[in-house]
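Taking it in order: structure first as structure tokens, then the write-up.
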Amino acid sequence: MKITPWEVSGKIDYNKLIDEFGVRKIDENMFNEIKKHTKEIHFMLKRKVFFAYRDLKWLLDEYKKGNKFFLYTGCGPSGPIHLGHLQIWIFTKWLQDKFNAELWFQFTDDEKFLFKDKSYEEIQKWTYENMLDVIALGFNPKKTHFLINTKHAGLIYPQAIKFAKKITFSTVKAAFGFNDSRNLGEIFYTSMQAVPAILPSVLKNKNIPCLIPLAIDQDPHFRVARDVYLKLGFYKPAIIHGVFLPPLQGIAGKMGNTNSASAIYTTDTPQEVKTKINKYAFSGGQATIEEHRKKGGNPDIDVSFQYLKMMFEPDDKKLEQIEKDYKSGKLLTGELKKYLIDRINAFLKEHQKKREKAKNMIEKFIYKEK
Ligand code: TRP
């Protein structure tokens, strides 16, 4: 397996990642700690879609003492938003609601310009398009602040150089596997992503705890910046790590937008969703109906089942029934796929309406310097 913020491939062993990255597994105790405040446990926690953390115990202890935290996450605007992005943000929205927390949301147009073979103008277009999807998820406009790296450079850059000064090229090389031919912007970039975790503290001139929900491939940025937060006199941000939503082709790697046949986009039509799932979603079912009835399917490697489990079937009882019926052979792959297609299309129908309305709301979300 290979995991950096810019490349995820192979069959991912999350337990091994926990050791390699030095993060902690979310266990029963942590469920209980979270539940004390949220009253219920989100199905994505229960099902280990969010499975690991850094400093979360500390963050919740501070919260108990009345020291509230803010949330920070982000989006690299290089193409259309797919279900994999939404998985992290839907959970982030739940955290915002449960903890009544402010959210700082970073759009890294600089990053995507530097790392992708795309023009600055195209990246700006995606920044706008991606903002619509984030707004459509229903974040509270009064408590959510968008930062666009090149637009808010005057705010971010003075802090970014403080990180940059304390991170060496050799550290970045080791963390990301960069060689000497990487461009200067790529080497500097982690400093930009580190900043929103302290920005509210800088603006209010007091230390405020921060929680970052992210997919685990983003963790290396914060691992590199971790000690610097302390050196600069701030708290280290707490982190909660999500797994990757798999691509349609199978449970290795992550859904991405390098190949439009591996992802479902928020702007896909019902027919496109249907075709993609039917044609590409890897099935854990048997080759023929007779064989399937006899041997049953394997939900663990079945992408459609995994999408239900990770995002589209919050009801534990229904999911259990589906799993049981699929394993026994009572439920066929085609039926499972149809169930998923209907779920995704019902979700996207609403999402696309809200996405249209979001066009009038962008200015409310973009952070305005006082
Ligand atoms: N680099 C991330 C991406 O490519 C975007 C991002 C910026 C981010 N800040 C973040 C993601 C903080 C998670 C948490 O998608």
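Computed values, structure above
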| item | result |
| --- | --- |
| Given (1) closer than 16 Å to residue 239 by Cα; (2) of a type outside the set (Asp, Glu); (3) more than 18 Å from the chain's Cα centre (by Cα), number of the condition residue 26 does not satisfy | (3) |
| Pairs, first over 18 Å from residue 367 (Cα atoms) and more than 10 Å from the ligand (Cβ to nearest atom) in segment 90-118, second among the β-branched types (Val, Ile, Thr) and not in a loop (DSSP other than H, G, I, E, B), C-beta under 7 Å, six or more apart | 98/38; 113/123 |
| Candidate set from segment 63-77 (those that are more than 8 Å from the ligand (Cβ to nearest atom) and in contact (Cβ under 8 Å) with a residue 40 or more places away in the chain); member that is most open to solvent (accessible area, probe 1.4 Å) | 68 |
| Which listed residue, of 81, 34, is more than 15 Å from the ligand (Cβ to nearest atom) and either open to solvent by less than 30 Å² (accessible area, probe 1.4 Å) or over 25 Å from residue 137 (Cα atoms) (or both) | 34 |
| Hey, residue 41 within 23 Å of residue 140 (Cα to Cα) and β-branched (Val, Ile, Thr) or not | yes |
| Residues that are of a type in the set (Gly, Ala, Ser) and open to solvent by 10 Å² or more (accessible area, probe 1.4 Å), drawn from segment 263-283 | 283 |
| Residues located in segment 183-219, provided they are more than 10 Å from the ligand (Cβ to nearest atom), closer than 17 Å to residue 112 by Cβ and open to solvent by less than 10 Å² (accessible area, probe 1.4 Å) | 191 |
| Lone unmet requirement of (1) within 15 Å of the ligand (Cβ to nearest atom); (2) open to solvent by 10 Å² or more (accessible area, probe 1.4 Å) for residue 40 | (1) |
| Set 144, 92: member being under 24 Å from residue 7 (Cβ atoms) and either surrounded by 17 or more Cβ atoms within 10 Å (Cβ to Cβ) or not aliphatic (A, V, I, L, M) (or both) | 92 |
| Residue in segment 116-128 that is closer than 20 Å to residue 194 by Cα and in contact with a Pro (Cβ under 8 Å, 6 or more places away or on another chain) present | yes |
| Residues (open to solvent by less than 30 Å² (accessible area, probe 1.4 Å), in contact with a Gly (Cβ under 6 Å, 6 or more places away or on another chain) and not in a helix (DSSP H, G or I)) located in segment 294-336 | 296, 297, 302, 329 |
| Boolean, residue 175 is touching a strand residue (DSSP E or B) at 6+ places or on another chain (Cβ under 9 Å) and buried (at least 19 other Cβ atoms within 10 Å of the Cβ) | no |
| Residues satisfying the stated conditions in segment 339-370, i.e. in contact with a Lys or Arg (Cβ under 9 Å, 6 or more places away or on another chain) and either loosely packed, with under 14 Cβ neighbours inside 10 Å or basic (Lys, Arg) (or both) | 364 |
| Wholly enclosed helices (runs of 4 or more DSSP H) of segment 184-227 bearing at least 3 residues in contact (Cβ under 8 Å) with a residue 12 or more places away in the chain and closer than 27 Å to residue 253 by Cα | 184-188, 190-194 |
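The values are calculated or read from the model by the stated rules, or taken from the named source; none is laboratory data. For clarity, every value in this text was computed on a predicted model and none was experimentally measured. Positions of Cβ are backbone-derived with ideal geometry, glycine not excepted, and every protein chain shown enters the neighbour counts. Just the protein is used for accessible areas: all its heavy atoms, side chains included, with ligands, DNA and RNA removed. Shrake-Rupley method; radii C 1.70, N 1.55, O 1.52, S 1.80 Å.
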